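> Questions regarding the structure given below will be posed in turn.
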Amino acid sequence: MRYGLACEDCGDVAWLGQGLLHLRWLRDREHIVREVAEHTSSGLDMWMMEGLEFLAGHRGHAVVLVSDKTA
């Protein structure tokens, strides 16, 4: 099973290599993750960066968590 973030307004989906709990954590704490990213020299895990990019591109839209059992 794979999980991702989906924009209900645009229909765009980003499938990220993490479980549902990690994606919920990222979506719900985006402001904290962005703050940490500004103050770290080693960077964030790739899935976090991809998730932040998706969330930034869909700011103000309804973003939900989705799953796909066929993967």
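The values are calculated or read from the model by the stated rules, or taken from the named source; none is laboratory data. Keep in mind that what you see is a predicted model, and the values were worked out from it rather than measured. Cβ atoms come from the backbone with ideal geometry, glycine included; neighbour counts cover every protein chain shown.
> Which ones in the range 18-50 are of a type in the set (Gly, Ala, Ser) and either in a helix (DSSP H, G or I) or in contact with a Leu (Cβ under 8 Å, 6 or more places away or on another chain) (or both)?
Across the range 18-50, the qualifying residue is only Ala37.
> For the range 16-71, which residues satisfy the criterion of being more than 15 Å from Gly4 (Cα to Cα) and basic (Lys, Arg)?
Arg29, Arg34, Arg59
> Would you say Asp28 is modelled with pLDDT of 90 or more, over 12 Å from the mean Cα position of the chain (by Cα) and charged (D, E, K, R)?
No.
> Also: Of the residues in the range 39-62, how many are acidic (Asp, Glu) and surrounded by fewer than 17 Cβ atoms within 10 Å (Cβ to Cβ)?
2
> Does Leu65 satisfy the criteria of being in a loop (DSSP other than H, G, I, E, B), surrounded by 10 or more Cβ atoms within 10 Å (Cβ to Cβ), touching a helix residue (DSSP H, G or I) at 6+ places or on another chain (Cβ under 6 Å) and not polar (S, T, N, Q)?
Criteria not met by Leu65.
> Please go through the range 31-71 and give me each residue that is under 13 Å from Glu8 (Cα atoms) and either of a type in the set (Lys, Arg) or free of Cβ contacts under 8 Å to residues at least 40 places away in the same chain (or both), ordered by number.
Arg59, Gly60
So that you can scan it fast, the table gives a plain yes or no per residue for (1) charged (D, E, K, R); (2) within 14 Å of Ser67 (Cα to Cα); (3) surrounded by 13 or more Cβ atoms within 10 Å (Cβ to Cβ):
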site: Ala6; (1), (2), (3): no, yes, yes
site: Asp12; (1), (2), (3): yes, yes, yes
site: Gln18; (1), (2), (3): no, yes, yes
site: Arg27; (1), (2), (3): yes, no, yes
site: Ala37; (1), (2), (3): no, no, yes
